[in-house]
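K.L.:
The structure follows.
The values are calculated or read from the model by the stated rules, or taken from the named source; none is laboratory data. Predicted, not measured: the structure shown is a model, and the values here were computed from it. Virtual Cβ from ideal backbone geometry, glycine too; neighbours counted across all protein chains shown. The area values use the complete protein model at the heavy-atom level, side chains included, leaving out ligands, DNA and RNA. Shrake-Rupley method; radii C 1.70, N 1.55, O 1.52, S 1.80 Å.
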Amino acid sequence: MHRYSYAALPLLAFISAMHTYPAHAPAPAIKPGAPIPTGLNKDIYDVRPLLHPARKFFGVFRSGAPKVMKPVDEYAALVGKRPNVIVSYAQWGDEFDSAGVSNAWKSGALTAISWEPKVTPVTSIADGAYDQYIRSYAAAARRLNIPVVISFADEMNGDWESWGTTGTTPQEYVRSWRHIHDVFEQSEAENVIWAWSPNMIKPGTRADLEKFYPGDRYCDWVGIVGYFTDWDPHTFDGLFGDTLAELRRFTQKPNFILETGAMPGRHRASDIAALFSGVSTNPGIIGFAWFDSNSRQDWRLSVNPEGVVAFRRYAQNPLYGFDPREIK
């Protein structure tokens, strides 16, 4: 879930139930540095046309979706356009949400899963302790065989998560990401779009994000988590410019703003205008997802009438929103 754009916040404690998973035959090992196999099965959904579409993704997070679609229906009525990306959050240990992903797809939307190892050390993941679970998750995604976005352990460059800078090293984070990706490849789950998603850099500063980056062959999109707040710049370049410049230093992968919003109040309408303008004019940014939830701040559009009016007006731009099922 959302943290502030860059401020360190107290680490929350989570208690997860233990999960037991069916046994699977061992997958063949992939040697470090060996090419990752692609095109293993001609029957798998080809997600490549979705990686950098001609029009922009128009996404949202709303609690309960896509397990149930009523929150998305209500959001579509509010903003005058149906989202084509639905962000959801999954704890490490949860089963793959086949029903939810299918619900979203039937409505014309991709599901973007933020997969969070709250109480699981990423070193253990990298060492193979959870391979049985990963294979089970990958197999479920493969059986469904429709596109799904996975963002594993986002905001890894912050210090507020157990997998962040105070809980693990960048090297161990990268090793865990690559290991998960390799297991999915072994399982032929090539219908997954991999979105590596750091938190935005504090505006006006520099930071090395490359040390957290798994590499171009392990990622399809580079996500960004960043919000307009009362203490940040109220322009798109002012808020995201330093982050985009740092990312472009080491990768040309498309950017998707995985989480964004604007604080309610006098700046919200202009912040929304800045968001749409910045995404619209940047060909490297393929879209954004609005975090429509009351979490630490009330990011819901509905609490600010001026913001709703502005959002609804800019959302009518035909550049935003398309049916991903029609992109082949």
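K.L.:
From the phi of every residue in the range 132-141, what ³J(HN,Hα) in whole Hz does the Karplus formula 6.51 cos²θ - 1.76 cosθ + 1.60 yield, where θ is phi - 60° and glycine or proline is x?
P.N.:
Coupling constants for the range 132-141: 4, 5, 4, 5, 4, 5, 5, 5, 5, 5 Hz.
K.L.:
Counting only heavy atoms of the protein chains, get the accessible area per residue of the range 213-258 (1.4 Å probe) and round it to a whole Å² value.
P.N.:
Here the per-residue accessible area is 33 Å².
K.L.:
Also, quick follow-up: Residues with beta-carbon under 13 Å from that of Ala245, excluding Ala245: net charge, scoring Lys, Arg +1 and Asp, Glu -1? Please list the in-between numbers first.
P.N.:
Details: positive: Arg206, Arg248, Arg249; negative: Asp208, Glu210, Asp237, Asp242, Glu246.
Around Ala245, the surrounding residues sum to -2.
K.L.:
Oh, and also: Quick query: amide H of Ser88 versus all other amide H atoms, modeled in the peptide plane; which residues come in under 5 Å with a sequence gap of 5 or more or a different chain?
P.N.:
Ala112, Ile113, Ser114
K.L.:
In degrees, nearest 10, range 0 to 90: what is the angle between the Cα axis of helix 236-248 and the longest Cα principal axis of the chain?
P.N.:
With rounding to tens, the tilt is 30 degrees.
K.L.:
Tell me, what ³J(HN,Hα) does each residue in the range 219-230 have, in order and in whole Hz, if you take phi through Karplus 6.51 cos²θ - 1.76 cosθ + 1.60 with θ = phi - 60° and put x for Gly and Pro?
P.N.:
9, 9, 10, 10, x, 9, 10, x, 10, 7, 10, 5
K.L.:
Let me ask something else about it. Could you tell me which trypsin sites (Lys or Arg not before Pro) in the range 185-273 are loop residues by DSSP with no more than 15 other beta carbons within 10 angstrom of their beta carbon?
P.N.:
Taking the range 185-273 and a limit of 15 other Cβ atoms within 10 Å, the loop trypsin sites (Lys or Arg not before Pro) found are Arg206, Arg249, Arg266.
K.L.:
What ³J(HN,Hα) values, in whole Hz, does the Karplus curve 6.51 cos²θ - 1.76 cosθ + 1.60 give for the range 205-214 when θ = phi - 60°, with x put for Gly and Pro?
P.N.:
10, 10, 8, 8, 8, 4, 5, 9, 7, x
K.L.:
Something else: Report the net charge of residues surrounding Pro203, where surrounding means a beta-carbon distance below 14 angstrom and charges are Lys +1, Arg +1, Asp -1, Glu -1. Don't jump to the answer; show the numbers that get you there.
P.N.:
On the way: positive: Lys202, Arg206; negative: Asp230, Asp232, Asp237, Asp242, Glu246, Asp271.
So the surrounding residues net to -4.
K.L.:
In degrees from 0 to 90, rounded to the nearest 10, what is the angle of the helix 170-186 Cα long axis to the longest principal axis of the chain?
P.N.:
Around 70 degrees separate the two axes.
K.L.:
Calculate the dipole size of the range 132-259 relative to its Cα centre from +1 charges on Lys and Arg beta carbons and -1 charges on Asp and Glu beta carbons; express the result in debye to the nearest 20.
P.N.:
Computed about the Cα centre, the dipole is about 420 debye.
K.L.:
In what sequence, largest accessible area first, do Ser114, Ser136 appear using a 1.4 Å probe?
P.N.:
So the residues, ranked largest to smallest area, are Ser136, Ser114.
K.L.:
Of all accessible surface on the range 169-328 at a 1.4 Å probe, what whole percent is carbon and sulfur?
P.N.:
49
K.L.:
Something else: Can you list residues from other chains, or at least 5 along the same chain, whose modelled amide H is less than 5 Å from the amide H of Ile201?
P.N.:
Answer set, sorted by chain and number: Thr243.
K.L.:
Note down the net charge around Ala310, summing +1 for each Lys or Arg and -1 for each Asp or Glu among other residues with Cβ under 13 Å from its Cβ.
P.N.:
Combined, the nearby Lys, Arg, Asp and Glu give +2.
K.L.:
Once you have the Cα-Cα distance between Ala99 and Thr205, take 0.36 nm times their residue separation minus that, and quote the gain in nm to one decimal.
P.N.:
Values: separation 106, 0.36 × 106 = 38.16 nm, distance 4.23 nm.
The span from Ala99 to Thr205 would gain 33.9 nm if fully extended.
K.L.:
Could you name the lysines whose alpha carbon sits less than 22 Å from that of Lys202, not counting residues in the same chain fewer than 8 places away?
P.N.:
Qualifying lysines at Cα under 22 Å: Lys211, Lys253.
K.L.:
About the Cα centre of the range 197-328, what is the dipole size in debye to 20, counting +1 per Lys and Arg Cβ and -1 per Asp and Glu Cβ, all else neutral? Spell out each step's value before the answer.
P.N.:
Details: 15 positive and 16 negative charges, 24 e Å.
For this selection, approximately 120 debye.
K.L.:
Positive end of the dipole of the chain, charges at C-beta (+1 Lys, Arg; -1 Asp, Glu), about the Cα centre: which of Gly226, Asn157, Trp290 has its Cα farthest in that direction?
P.N.:
Value: Trp290.
K.L.:
Still on this model: Counting only residues 5 or more places away or on other chains, whose amide H sits under 5 Å from the amide H of Asn255 once H atoms are built in the peptide plane?
P.N.:
Sorted by chain and number, the residues that satisfy this are Val222, Ile285, Ile286.
K.L.:
If the only charges are +1 at each Lys and Arg Cβ and -1 at each Asp and Glu Cβ, what is the size of the charge dipole of the chain around the Cα centre, to the nearest 20 debye?
P.N.:
The dipole of the chain has a size of about 700 debye.
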